[in-house]
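The block underneath contains the structure these notes are about, expressed in structure tokens.
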Amino acid sequence: MKKTALFLSVLSLSLTSGVSASQADYYVWQDGETGMSMSYPDTWRQGNSKAPDDILTLLAPNDDGGEPVCRVRAREDGRFEFYPIGYSAAVQQKAYNEEFWNNYLASYDRVMIHDYKETTGIGRGFGSSVIASYKTKHPVEGRQRSALLASGLYNGTAYIFECSADTVVFNNWYGRFASILKSMDTRKVTHELVRGDNPDMSGHNTVGFKDKTERYRFNQ
């Protein structure tokens, strides 16, 4: 997938407590190819992506150790585009479920999923999220890491968010990881009301279709 990035702006947010105030600057970033956008603290820096489907890698300040890092991936997935929008949650439960995360994390050792949530998503995309821990194989073998991961399928693209740190400091970073995830959004492409559903056309016959699993059904 071709990857281009568009730097949008820097936001200054004033955080007040009593009579004191402090300034925090955030970068607003958007991927020029997929339209995915997000914001992150200006103390973080972009790193080199390691996988072909990476669209952004972020390295947090390592003052407290733990090497916190976030990455966003975008994978083409058009398997379910012909289903109506109303079936997005059902598609998530079939394709971006706990089994998906087990497969995604299979390159690590001693994987443990501590928390799993369905129908969470990224931006406008339906997906799921997990908190997991594991031991790395490379570049350092046996390193204990924990991660917040989320997926979101929208308009034929699956977005995967992954923020990790050494387990001993993961709780210190979780709030910032979750804040970045919350800021993520997808460029609106699909209307909320219909895709695949037709209005009632009185006097015309309709034909119902369903797949072999009988999980999805729609009329045409």
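Taking amide H positions as modeled 1.01 Å from N, with prolines and chain starts lacking one, the residues under 5 Å from Thr157 and 5 or more places away or on another chain are Asp77. Taking Lys and Arg as +1 and Asp and Glu as -1, the other residues whose beta-carbon sits under 13 Å from that of Gln144 total +1.
Residues whose amide H comes within less than 5 Å of that of Arg143, counting only those at least five positions distant or on another chain, are Thr136 (H built at 1.01 Å from N in the peptide plane). Computed from backbone phi with θ = phi - 60° and the Karplus coefficients 6.51, -1.76 and 1.60, the 3J(HN,Hα) list for the range 182-187 is 5, 7, 6, 8, 10, 5 Hz; x is used for glycine and proline.
Under 20 Å from a point placed 7 Å out from the Cα of Asn155 along the Cα-to-Cβ direction: which residues of the range 79-114 have their backbone N that close? Only 79-89, 91-92 fall inside the zone, counting backbone N under 20 Å. Ordering of 32-42, 55-65, 144-154 by packing is 144-154, 32-42, 55-65, highest average first (other Cβ atoms within 10 Å, averaged per residue). Backbone geometry of the range 64-74 corresponds, through the Karplus equation with coefficients 6.51, -1.76 and 1.60 at θ = phi - 60°, to 3J(HN,Hα) couplings of 9, x, x, 6, x, 8, 10, 9, 10, 10, 9 Hz, x marking Gly and Pro. The phi torsions of the range 168-174, fed into the Karplus equation with coefficients 6.51, -1.76 and 1.60 and a -60° offset, translate into couplings of 5, 10, 4, 4, 5, 9, 4 Hz, rounded to whole numbers, with Gly and Pro shown as x. Using a cutoff of 8 angstrom between alpha carbon atoms and counting only pairs six or more residues apart, the relative contact order for the range 50-193 works out to 24 percent. Charge tally for Arg187 (other residues, Cβ to Cβ under 13 Å; Lys, Arg +1; Asp, Glu -1): -1. When each of Met112, Met184 is scored by the number of other beta-carbon atoms lying within 10 Å, the sequence from fewest to most is Met112, Met184.
Read-outs: derived from the displayed coordinates by stated rules, not from any lab. Source: prediction; values computed, not measured. Heads up, the Cβs are rebuilt from the backbone with ideal geometry, glycines too, and the neighbour counts pull from every protein chain shown.
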